[in-house]
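Colleague: Encoded as structure tokens, here's the structure I'll be asking about.
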Amino acid sequence: MEPISRALVSTDWITVVIFSSLFFAVIAKQVSYARFLNFIILPFNNKYIFMYNKKDRLWNGFNMLFGIFQLLNFSLFIYLCRPLWQDPAEEIFPFLYIVIFGLLLTFSLVKLFLQLANGFFFNNNKLVSELIFKKLSYLFYSSIIVFLGNICLVYIFKDSRVVIYLTIFLVIAVNLVGWITILKNYQKEITTKFFYFILYLCALEIAPIVIFVNALTK
């Protein structure tokens, strides 16, 4: 009977990442408790959007804390999706996670800068800021789903493809609700400036995602 070597993957650093992200979410709740209560029902009630769309849309403590929460969890989820393209045992150190986090952070900042620059050059800062706020709100909410998916993938259903696909489906569903809401609210603006909307959609929404996925897979 021949012995079979088995690579043991430590999840200590993953636990640190998960609890660190949870820390930022808890601080966000403590800093803006009323805002958090409205935020947690976002896909089912637009009260959060209407209440916080006017003042301090982007640059406030709640958004920044949840932005860090989102980056930590999305990066970890992408890392945990490795069973889709490689043997998970091949990567036992957090180096790949650090690379993914760096790419995602750079991608998010560059995309945000381009969107704000678009608003500045075309003299529609208010509209662009509102769009960014609404999109980020739904993206931040979907990071809660990713957080729960990460916990399942690390501690309950390790490397489960069902959990991975279910998490991806729910993230897409939440953000799709956000986009439908945006399209309804800005139907008149989109109709009158349809060409610019398609240009914006292709250049600042679809193209960056394609570039990021391409860079990640390489």
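The values are calculated or read from the model by the stated rules, or taken from the named source; none is laboratory data. Quick caveat, the model's predicted, so the values are computed rather than measured. No Cβ is skipped: glycine too gets one built from the backbone with ideal geometry, and neighbour counts run over all protein chains shown. Surface areas here come from the heavy atoms of the whole protein model, side chains and all, with no ligands, DNA or RNA. Shrake-Rupley method; radii C 1.70, N 1.55, O 1.52, S 1.80 Å.
Colleague: Give L176, L183 a once-over and let me know the one that is under 18 Å from Q70 (Cα atoms) and open to solvent by 40 Å² or more (accessible area, probe 1.4 Å).
Modeller: The conditions single out L176.
Colleague: On the given criteria, is P88 modelled with pLDDT under 90 and under 18 Å from the mean Cα position of the chain (by Cα)?
Modeller: The answer is no for P88.
Colleague: Another one. For a quick check of your reading of the model, give me the residue pairs whose first member lies in the stretch 14-25 and is in a helix (DSSP H, G or I), whose second is of a type in the set (V, I, T), with beta-carbon atoms closer than 8 Å and at least 6 apart or on different chains.
Modeller: From the stretch 14-25, the pairs are I14/V154; T15/V154; I18/I151; I18/V154; S21/I68; F24/I68; A25/I144.
Colleague: With respect to V154, determine if the residue is among the β-branched types (V, I, T), touching a residue at least 12 places away in the same chain (Cβ under 8 Å) and either at positive phi or open to solvent by less than 30 Å² (accessible area, probe 1.4 Å) (or both).
Modeller: Yes.
Colleague: Check off (1) over 13 Å from the mean Cα position of the chain (by Cα); (2) more than 25 Å from F113 (Cα to Cα); (3) among the aromatic types (F, W, Y) for W179 and give me the number that stays unchecked.
Modeller: (2)
Colleague: Could you please let me know if Y79 is closer than 17 Å to G149 by Cα and modelled with pLDDT of 80 or more?
Modeller: The answer is yes for Y79.
Colleague: With (1) modelled with pLDDT of 80 or more; (2) hydrophobic (A, V, I, L, M, F, W, C); (3) open to solvent by less than 20 Å² (accessible area, probe 1.4 Å) as the list, and V128 as the residue in question, which single condition is left unmet?
Modeller: (1)
Colleague: Could you tell me which residue of the stretch 37-52 is least open to solvent (accessible area, probe 1.4 Å), considering only residues that are farther than 17 Å from I180 by Cα and touching a Lys or Arg at 6+ places or on another chain (Cβ under 7 Å)?
Modeller: If we take residues in the stretch 37-52 being farther than 17 Å from I180 by Cα and touching a Lys or Arg at 6+ places or on another chain (Cβ under 7 Å), then N38 is least open to solvent (accessible area, probe 1.4 Å).
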